[in-house]
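The values are calculated or read from the model by the stated rules, or taken from the named source; none is laboratory data. None of these values were measured; they are calculated from a predicted model. Using ideal geometry, Cβ is built from the backbone for each residue, glycine included, and neighbour counts are taken over all protein chains shown.
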């Protein structure tokens with residue numbers, strides 16, 4: 001179990017009421033932001049400390065891993081510069097009756113503030129530049145003691161949940177709704193010929209022109225070596241929902257995979273480097289991977305990819321591969 005601090009001044013009511021965290025993927029200018037990247041490390045059962053208006057206002061327990069999601073409509077004008085697609089984590093929040101003000105206890109907290117990615121300044125004020133950052137257990141312990149019984153109850157619940165193997169909520173419903181919205185947009189696009197609309201819609205399911213384009217490059221599943229077309233799925237590297245219309249049909253944006261390998265790749269439990277090295281997510285269940293035919297004890301190389309494929313696989317690693325890790329690993 002890990003502890004996270006989130007600053008929610010602009011979006012507190014939306015995120016607490018909606019039961020989630022949401023952040024952009026990048027800062028302005030497409031710059032990497034560590035406080036957005038931390039979203040990818042949250043695991044089900046982790047505890048979220050919500051800071052708003054100089055006080056700790058709520059505590060939450062993460063219910064899912066991070067996944068891609070459009071910017072919530074309810075944000076309205078908040079974060080006008082934020083990208084339309086970001087990271088989302090499902091969280092069960094509890095608002096606090098004892099909303100402590102960390103600035104009042106900064107002498108006790110100061111020795112435990114990290115030098116890097118601290119949630120607070122040395123005078124106890126919050127940092128506007130921070131969205132999400134990790135709290136070390138000692139700092140979290142002091143905050144929980146100051147909050148009292150409410151915090152201890154949340155931590156006990158989180159500890160129990162963290163030991164369960166199946167608590168992670170799946171984002172399939174959210175992603176399906178998102179893809180259906182994109183599909184409707186394609187159907188309503190008057191400038192597209194009907195045949196192109198059908199090709200784009202079929203590509204969502206790995207069929208039609210997209211599959212044919214992938215088959216010109218890939219002949220078999222890179223891992224299982226199965227080469228019978230009826231047993232293979234054409235899977236997008238850069239997800240269909242994120243792609244441009246050209247990318248949705250681009251054969252270099254696809255791999256032929258058997259159903260179990262497609263599941264692992266599509267859900268971000270595995271990915272591939274451009275040189276062919278298999279990447280296994282730190283959250284993947286190793287015994288299940290073994291049953292699916294993946295040797296988790298040795299390095300696997302499935303053969304190098306061409307330049308176009310490497311570009312799409314880079315996107316998969318940065319946007320689909322699950323990066324969360326358990327504390328202590």
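Does residue 253 count as crowded, with 18+ Cβ neighbours inside 10 Å and closer than 30 Å to residue 34 by Cβ? Against the criterion (crowded, with 18+ Cβ neighbours inside 10 Å and closer than 30 Å to residue 34 by Cβ), residue 253 qualifies. Residues in the range 5-18 that are part of a helix (DSSP H, G or I) and either crowded, with 20+ Cβ neighbours inside 10 Å or in contact with a strand residue (DSSP E or B) (Cβ under 6 Å, 6 or more places away or on another chain) (or both): 12, 15, 16. Residue check: residue 324 meets all listed conditions (1) in a helix (DSSP H, G or I); (2) under 29 Å from residue 84 (Cβ atoms) but one, namely (1). Taken over the range 19-57, the criterion of being within 15 Å of residue 67 (Cβ to Cβ) and out of contact with any strand residue (DSSP E or B) (no Cβ under 7 Å at 6 or more places or on another chain) is satisfied by 37, 41. Within 23 Å of the chain's Cα centre (by Cα), in the same structural domain as residue 63 (by TED's automatic domain parsing) and surrounded by fewer than 13 Cβ atoms within 10 Å (Cβ to Cβ): is that true of residue 149 in this structure? The answer is no for residue 149.
Which residues, counting only those in the range 19-49, are more than 28 Å from residue 267 (Cβ to Cβ) and either in the same structural domain as residue 269 (by TED's automatic domain parsing) or surrounded by 20 or more Cβ atoms within 10 Å (Cβ to Cβ) (or both)? The answer is 49, and nothing else.
Here's the yes/no breakdown for (1) modelled with pLDDT of 90 or more; (2) touching a helix residue (DSSP H, G or I) at 6+ places or on another chain (Cβ under 7 Å):
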position	(1), (2)
3	yes, yes
9	no, no
12	yes, no
15	yes, no
22	yes, yes
25	yes, yes
31	no, no
34	yes, no
48	yes, no
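Checked across the range 312-319, the condition of being over 30 Å from residue 195 (Cα atoms), modelled with pLDDT under 95, part of a helix (DSSP H, G or I) and out of contact with any strand residue (DSSP E or B) (no Cβ under 8 Å at 6 or more places or on another chain) holds for at least one residue. Scanning the range 152-163 for residues that are within 24 Å of the chain's Cα centre (by Cα) and either within 20 Å of residue 117 (Cα to Cα) or part of a helix (DSSP H, G or I) (or both) yields a total of 8.
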